[in-house]
Amino acid sequence: MKARVIAGAAALSLLGGQALSNNIHQQALVKLETNALAFSRAPKFQPVAPESLTGEHYYSKKNFPGAQESVSLRLPDAEVDPLTKSILVVDANETPLPHVRYHVEYSMDVPVDVPELQQAYVQITRYNVGPTRLDAVRATVPDGVAVGATEFGVGPHVAWRFVFAPVMGMRADILHAGRAEVLHAQAQAADCLGASCLSLEDPTGPAQGWQAFTAPVSETPTYASVKEYGVATAAFTMQELWENITADGMDPLQYLPEQPHFEVVVSVNVAGQEAGTSGLVKQAVVMDDTVAEIWTRRLDIAEIPAELSRLQVKR
């Protein structure tokens with residue numbers, strides 16, 4: 001009889017532990033969903049159904065030419081990280097523009113008690129810099145010479161918010177999405193890592209202390225990664241920056257709604273007359289007593305090998 005009582009107590013203890021674990025898991029899910037909705041449905045952002053963003057127009061041969069050569073049953077963006085995917089999704093669902101600057105803010109949300117549950121919050125604002133370039137060109141041509149606006153790109157400044165999570169073999173599945181248009185006056189006043197977001201000069205970060213490095217050779221992505229003159233697309237620029245930032249892994253960081261963990265600016269055909277893509281990343285939340293910020297940048301100009309460099313700002 002005594003043995004049965006002990007066995008019964010052990011069973012109750014096990015059931016109690018499972019109930020507690022289930023309760024913690026459920027609480028984490030509720031908190032994640034609360035944070036996700038607060039982020040994606042911020043003021044001025046209109047909810048967008050995630051499934052409407054990644055249909056045939058997204059998984060097209062134009063966007064994913066490498067997928068046509070693969071026999072894998074997985075979706076072609078299964079291994080794409082949240083930041084790179086945000087660019088791919090925005091470009092697939094907005095008017096194509098030749099001169100753009102992306103301002104991207106990224107935060108992770110990882111429950112302390114249930115670390116396997118995690119979400120990524122990405123706000124990406126795409127600025128149309130075409131009109132700025134058009135004004136610069138018009139200022140240099142003789143009076144009476146017409147310069148059309150269409151070739152410089154006609155379209156609004158737009159902001160998107162995405163909530164991503166790893167789901168069923170997908171590294172960054174879209175759980176929630178929201179879209180807002182940005183007024184031109186707001187775009188003119190916006191800052192992109194020290195430069196005006198509509199400036200024809202790309203942001204460069206701190207002036208001194210940069211050290212060049214060589215990126216490991218990665219597999220050719222299934223999405224379109226190269227544009228005219230062999231210059232990297234915005235998506236590939238983002239991917240290469242992100243892969244090098246996270247090459248040694250990344251510790252979970254506390255989610256702070258008002259302080260993104262990473263800030264990225266990617267500019268396409270903005271500075272100079274040559275085709276080019278530049279990327280600059282600022283990591284302001286660093287788990288190091290001696291380092292305050294980490295900066296990484298990538299510069300790719302037509303017919304010139306891409307350059308990568310890094311800078312650590314000491315505390």
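Taking label positions 7 Å along the Cα-Cβ direction at both ASP288 and GLU228, the computed distance is 3.9 nm, reported to one decimal.
Near GLN123: Cβ cut-off under 13 Å, other residues only, Lys/Arg at +1 and Asp/Glu at -1. The net charge is +2. Between the stretch 25-59 and the stretch 257-315, the alpha-carbon centres lie 27 Å apart. Between the amide H of VAL100 and those of VAL129, VAL268, distances stay under 5 Å, these residues lying 5 or more places away or on another chain, with hydrogens modeled in the peptide plane. Stretching the chain fully between GLN186 and LEU37 yields a gain of 51.2 nm (0.36 nm per residue, less the alpha carbon separation).
Spin-label model, ASN22 to THR246: label points 7 Å out along the Cα-to-beta-carbon direction sit 3.3 nm apart. The packing ranking, built from the mean of other Cβ atoms within 10 Å per residue, places the peptides 207-218, 29-40, 102-113 in the order 102-113, 29-40, 207-218, highest first. Label positions at LYS62 and GLU219, each projected 7 Å from the Cα along the C-beta direction, are separated by 2.7 nm. Shown is the FRET efficiency for GLN259 and VAL141, computed with R0 = 45 Å from the Cβ-Cβ distance and rounded to the nearest 0.05: 0.50. Value of Rg to Rh for the chain, rounded to two decimals, is 1.06; Kirkwood radius and Rg both from alpha-carbon coordinates. Pairs of lysine residues in the chain that meet both criteria, 8 or more places apart or on different chains and Cα atoms under 27 Å apart, total 12. Counting only Cβ charges, +1 for Lys and Arg and -1 for Asp and Glu, the dipole size of the chain around its Cα centre is about 800 debye.
Electrostatic tally near THR296: other residues with Cβ closer than 10 Å to its Cβ, Lys and Arg +1, Asp and Glu -1, net +3.
Values quoted throughout were computed directly from the atomic coordinates according to the rules given, and no laboratory measurement underlies them. Everything quoted here is computed from the prediction, not taken from an experiment. Neighbour counts run over all protein chains shown; Cβ positions are idealised from the backbone, glycine included.
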